[in-house]
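Here's the structure we're looking at; comments come further down.
Derivation of every value follows stated rules applied to the coordinates shown; laboratory data play no part. Fair warning: this is a prediction, and the values are worked out from it, not measured in the lab. Cβ sites come from the backbone with ideal geometry, for glycine too, and all protein chains shown count toward neighbours.
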Amino acid sequence: MDIYTKEKRSEVMSKVRSKNTNPELIVRQLIYGMGYRYRLHVASLPGKPDIVMSKRRKIIEVRGCFWHAHEGCKHATLPKTRADFWATKIACNRERDKKNLDCLNESGWDVLIVWQCELKNLDILKSKLKKFIDSE
Ligand SMILES: [Zn+2]
């Protein structure tokens, strides 16, 4: 038995979904709005990068501060309960991120990481994205 009514359930689920996809969507909209075009979640590249611009050899990755252990960020603090579990999971994510990044760099791709907390100031983020995309 579901503890929610049908309406409440879909409301809850849509909140969960938007919470997960929002940062990436916002970044995509910014880039698209500036007139750039890209491919999404390219499965043939390591780590299936979020935003790929093949001709420019650029990749933009949007990362959650918690799951990807953003260094020095207050959003990356481990919860006190089940701390071992979280620490292991996040250490593995981080290891995998680093490996993928090295691979991409060695193959001549430029990678920009956008952290979730950078979305607080979209003007700054926008100029950062533009600078990265336009750089040679
Ligand atoms: Zn952060």
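Quick look at the values:
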{"read-out": "Of 99/120; 99/126; 58/98; 55/89; 74/126, pairs whose Cα-Cα distance is over 25 Å", "value": "99/120; 99/126; 55/89"}
{"read-out": "For residue 75, net neighbour charge (Lys/Arg +1, Asp/Glu -1) across residues whose Cβ lies under 12 Å away", "value": "+1"}
{"read-out": "Computed [θ] at 222 nm, helices only, for the chain once each DSSP H run of length n ≥ 4 contributes -39500 (n - 2.57)", "value": "-16500 deg cm²/dmol"}
{"read-out": "Translational diffusion coefficient (Stokes-Einstein; Kirkwood radius from C-alpha pairs) of the chain at 10 °C, 1.306 mPa s, in µm²/s", "value": "95 µm²/s"}
{"read-out": "Helix axis angle, 83-106 relative to the chain longest principal axis, alpha carbon, degrees", "value": "20 degrees"}
{"read-out": "Packing-based order for 91-99, 62-70, using average beta carbon neighbours within 10 Å, highest first", "value": "62-70, 91-99"}
{"read-out": "Residue (of 66, 79, 125) at the positive-pole extreme of segment 63-136, dipole from beta-carbon charges", "value": "79"}
{"read-out": "Debye, to nearest 20: dipole size of the chain, +1 on Lys, Arg Cβ, -1 on Asp, Glu Cβ", "value": "300 debye"}
{"read-out": "Among 112-123, 71-82, the order from most to least packed when residues are scored by Cβ within 10 Å on average", "value": "112-123, 71-82"}
{"read-out": "Antiparallel content of DSSP bridges confined to the chain, in %, to 5", "value": "45 percent"}
{"read-out": "Anisotropy class of segment 79-136 from Cα gyration tensor, a/c 1.5 cut", "value": "oblate"}
{"read-out": "Degrees, to the nearest 10: 6-33 long Cα axis against longest axis of the chain", "value": "10 degrees"}
{"read-out": "Tilt relative to the chain, helix 122-134 - C-alpha long axis, 0 to 90 degrees, to 10", "value": "40 degrees"}
